[in-house]
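The structure appears below as structure tokens.
Each value in this text was obtained by applying a stated rule to the coordinates, not by laboratory testing. Because the structure is predicted, anything quoted here is derived from the model rather than measured. Methodologically, a virtual Cβ is constructed for each residue, glycine included, from the backbone with ideal geometry; neighbour enumeration extends over all protein chains shown.
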Amino acid sequence: MIAIDLGSNTIRFIEFDGQNWGKSFEKIVRTAENIGNTQRIGDQAIERIVAAIDEARTHIDLTQPVRAYTTAAMRFANNSAEVLQRIYERSGVSFEIIDAQKEAMLTLDAVRYRMEQIGNIPPLFLLADIGGGSTELTRCEGKNIETVSLNFGIVTMSEETQHSMDEKIAVFKSNIEKHSAGDSLSLVLTAGTPTTIAAYLNGMDYEHYDPRKINGYRLKLSDCYRVYDDLLQMDESIRIRYVGIGRENLIMAGILMVTAIYEAIGTDEAIIIDDGLREGIALEYYKMS
């Protein structure tokens, strides 16, 4: 089967047979572009999504069973039904909008699955998933799970112009603190920004990304600061080499959000996991079949 995660910034595909992961593909589509101002998914975003699905067909066999979910941008947009119908008519892929709770739980399933495989599951951890349009926080202690969705993402944070980035990060950090007070938590990070930081530190650029070197990587807060400074000083064309086309500016907001999470919970290290919602979608498919 093929699992597809259409996020607020990226569309991600992966093949899974219930035991083994197959081919994967992802493309930056900026679904949430300008959504804070218009409350709508724009025509250009639709074109990028359809083009990405067409490109995916050259890498992955989409004649297999497909389960396709979409998240924060479609939850927020007032034209999401129309947009998904247009995407279906042009691509044949039917997306289901899932709520933040389901998004967080499927992501947690995928992250736990990977941590079990690498033999590293902290007894008490906070999983943070920074997306394009929202951030999901999941506190996990055995079977006790609490999750909250915050309306802060790398696209929406980058595009909001009424406040300075320092002000926006301060509000984001205070929201994290409200939901992480108390016990000493291990921090687990997934999604594009932390994996990009880890990849850069491992000498990988965007075209040569290898998730096998990322899963289980222990990322220091001090290294996040260093990567931010390195990327900030780069020429934009060089930065694109490391973070991908369409993320060269978004990644800066993303790193500030990542460091705010470390600071809010009072830790200087996080475990990085590449697996996320798309892998959770695939695991769910076989649980339900």
Label points 7 Å out from Cα along the Cβ direction at ASP205 and ALA170: separation in nm?
3.9
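Tell me the mean residue ellipticity at 222 nm calculated for the chain from its helices only (DSSP H runs of n ≥ 4, each -39500 (n - 2.57), averaged over every residue, nearest 500).
On the way: 12 runs with 134 residues, N = 289.
Computed mean residue ellipticity for the chain: -14000 deg cm²/dmol.
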Could you work out Rg/(2.2 N^0.38 Å) for region 208-289, with Rg from alpha carbons only?
1.32
From fewest to most C-beta neighbours within 10 Å, the residues ARG75, ARG218, ARG12, ARG247 line up as ARG218, ARG75, ARG12, ARG247
Just add up the charged neighbours of TYR69: K/R +1, D/E -1, any other residue whose Cβ is under 10 Å from the Cβ of TYR69.
-1
Entry for semi-axes √(5λ) of the Cα gyration tensor in Å (calculated from the structure that is shown) out of (1) 38, 21, 19; (2) 32, 21, 18; (3) 26, 23, 19:
(3)
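Among rounded, prolate and oblate, which fits region 119-277 when a ≥ b ≥ c are the square roots of the eigenvalues of its C-alpha gyration tensor, a/c under 1.5 means rounded, and a/b larger than b/c means prolate? Spell out each step's value before the answer.
Working: a/c = 1.85, a/b = 1.22, b/c = 1.51.
Oblate, because a/c is 1.5 or more while a/b does not exceed b/c.
Share of antiparallel DSSP beta bridges in region 119-277, in percent to the nearest 5? Write down the numbers at each step before the final one.
Details: 18 of 26 bridges.
About 70 percent, rounded to the nearest 5.
Order of TYR225, TYR217, TYR242 from fewest to most other C-beta atoms within 10 Å? Mind showing how you got there, number by number?
Working: TYR225 13, TYR217 19, TYR242 22.
Listing TYR225, TYR217, TYR242 from fewest to most nearby Cβ atoms yields TYR225, TYR217, TYR242.
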What lysines does LYS213 reach when the alpha-carbon gap must be under 22 Å and sequence neighbours fewer than 8 apart in one chain are set aside?
LYS23, LYS27
Residue by residue through region 14-29, which ³J(HN,Hα) values in whole Hz follow from phi under the Karplus form 6.51 cos²θ - 1.76 cosθ + 1.60 (θ = phi - 60°), with glycine and proline marked x?
8, 9, 8, 10, x, 9, 10, 7, x, 5, 9, 7, 8, 8, 6, 10
Taking max minus min of the Cα coordinates of region 2-100 on each principal axis, largest first, gives extents in Å of 42, 26, 21
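Semi-axes of the equivalent ellipsoid of region 84-126: what are they in whole Å, largest first, if each equals the square root of 5 times a C-alpha gyration tensor eigenvalue? Intermediate results must be reported in sequence, preceding the final value.
Values: eigenvalues 219, 32, 5 Å².
Working through the eigenvalues yields semi-axes of 33, 13, 5 Å.
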For the chain, give the share of DSSP beta bridges that are antiparallel, in percent and rounded to the nearest 5; count only bridges with both residues there.
65
Simple spin-label estimate for LYS287/SER184, 7 Å along Cα→Cβ, in nm, reads 3.1
What ³J(HN,Hα) values, in whole Hz, does the Karplus curve 6.51 cos²θ - 1.76 cosθ + 1.60 give for region 99-108 when θ = phi - 60°, with x put for Gly and Pro?
7, 4, 5, 5, 4, 5, 5, 5, 5, 4
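Between ILE118 and GLU263, what FRET efficiency comes out of the Förster formula 1/(1 + (r/R0)^6) with R0 = 30 Å and r the beta carbon distance, rounded to 0.05?
Details: r = 26 Å, r/R0 = 0.88.
With a Förster radius of 30 Å, E is 0.70.
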Please list, ordered by chain and number, the residues whose modelled amide H lies under 5 Å from the amide H of GLU96; skip anything fewer than 5 residues away on the same chain.
ALA68, TYR69, THR70
Using the Karplus curve 6.51 cos²θ - 1.76 cosθ + 1.60 with θ = phi - 60°, what ³J(HN,Hα) values do you get for each residue of region 260-276, in whole Hz, with x for Gly and Pro?
5, 5, 3, 5, 5, 9, x, 10, 10, 8, 9, 8, 9, 10, 6, 5, x
Which semi-axis lengths, in whole Å and largest first, follow from the square roots of five times the eigenvalues of the Cα gyration tensor of region 1-56?
26, 11, 7
For the pair TYR88/ARG226, report the inter-label distance in nm, with labels modelled 7 Å from Cα in the Cβ direction.
5.0
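With 10 angstrom as the radius, rank ASP235, ASP230 by how many other C-beta atoms surround their C-beta, starting from the fewest.
Working: ASP235 8, ASP230 13.
Result, fewest neighbours first: ASP235, ASP230.
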